[in-house]
Amino acid sequence: MAISRSSMLSGVIAAAFLFSAGAGLIASEAPSVTAPGNAIPDFSSNGKTWVLSSGTAYLKVPGDTGPGPIDDKNFPNGGLEQQAGGGARTLNRIADTSNPILKPWAKKLMDIVNDRVRAGGIPFVDDSRCWLGGVPSVLLFPGEAVVFLQTPKEVWILSKRDAQVRRIYLNVPHSKDPGYSWTGESIGYYENDDTLVVDTIALDDQGPLDRYRAPHTKLMHVIERYQLTDGGKGMAVTITIDDPGAFTMPWKARVNFKAGTPPRSDHWEEDICAENGDGYGFDPDQLVPMPHANKPDF
């Protein structure tokens, strides 16, 4: 996987602009890009950044009667995060592959990984190996500040980690042939005065989906609904995933964010994962390689 330094630079510049301008273009400054009678919700979080608050696994959507996301076999519905004072750092995740959303080939791949982890192998966790976040797995990066840049025609979602940027084009149809990419093509619109709806297609089959190594195909279609809660102090993201290549049915999941508190949320500095070293004391041959560029961008 090649990483574009120019794309990362644009993220750093845009984020710096956000903080100098109050962490976002507020809704009242942008022309209407939603149905008449609906206000444009302000995702600037009152000059702070958004920080993941629900843990590093997808949660089941309240009231959803479907099977929900792939969960932990031993600690379901976010329970792993509560173990040993933050069990994600002391216990390895084992996927519950009995979930009926999995097609046989996908279940088989995940069972192989489960067996390897049970035998003492090191699981692959995308952000620990400095992989860029996929859609929607970037929503599971813990402790990483996120800000929204809202303009009349686009919304940018910027993550401090490796200056990652998602671009969402407002009130336009999908391209006829967008081509496949790590983050796909995202279009969106506002609704109900408090929600940004994002529709993403053209995702390649390389980016991670979750922390249980669930596979997906190029048929995957993702809809995210970013809804402000608690008077703008919180944000609930409901995700619907439809991939007839890997899953037997569409399924839903949820993650929650809150307007962060210092020191993670009141500033923005360059944060390059690959500069933190490699291996964590493990044999590098046992780890998924960190991404690198085969040639310089300039």
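The values are calculated or read from the model by the stated rules, or taken from the named source; none is laboratory data. Computed from a predicted model, the values in this text were never measured in an experiment. Here the Cβ is made from the backbone with ideal geometry for all residues, glycine too, and neighbour counts use every protein chain on show. Side chains are part of the model used for accessible areas, which takes the heavy atoms of the whole protein and leaves out ligands, DNA and RNA. Shrake-Rupley method; radii C 1.70, N 1.55, O 1.52, S 1.80 Å.
Under a point spin-label approximation (7 Å from Cα along Cα-to-Cβ), what is the LYS73-THR229 distance to one decimal in nm?
Inter-label distance under the simple model: 3.0 nm.
At a Cα cut-off below 21 Å, give the lysines reachable from LYS160, other chains included and same-chain residues fewer than 8 away excluded.
Within the straight-line cut-off, LYS160 pairs with LYS48, LYS233, LYS258.
Measure off, as a whole percent, the carbon and sulfur share of the 1.4 Å-probe accessible area of the stretch 136-228, all protein chains present.
51 percent
Starting from the Cα of LYS73, draw a straight line to each of the lysines and keep only those under 26 Å, dropping any in the same chain fewer than 8 residues away.
List returned: LYS60, LYS103, LYS107, LYS108, LYS252.
What does the accessible area per residue of the stretch 117-199 come to in Å², with a 1.4 Å probe and no ligands, DNA or RNA counted?
So the stretch 117-199 comes to 37 Å² accessible per residue, rounded to a whole number.
First measure r as the distance between the Cβ atoms of GLU191 and THR217, then evaluate 1/(1 + (r/R0)^6) with R0 = 25 Å and state the FRET efficiency to the nearest 0.05.
Taking R0 as 25 Å, the efficiency between GLU191 and THR217 is 0.30.
Take the alpha carbon gyration tensor of the stretch 154-196, find the square roots of its eigenvalues, order them as a ≥ b ≥ c, and report rounded if a/c is under 1.5; if not, report prolate when a/b exceeds b/c, else oblate.
oblate
What is the set of long-range amide H partners of SER186 at a cut-off below 5 Å, with H atoms built 1.01 Å from backbone N?
Residues meeting the criterion, in which the H sits 1.01 Å from N, are TYR169.
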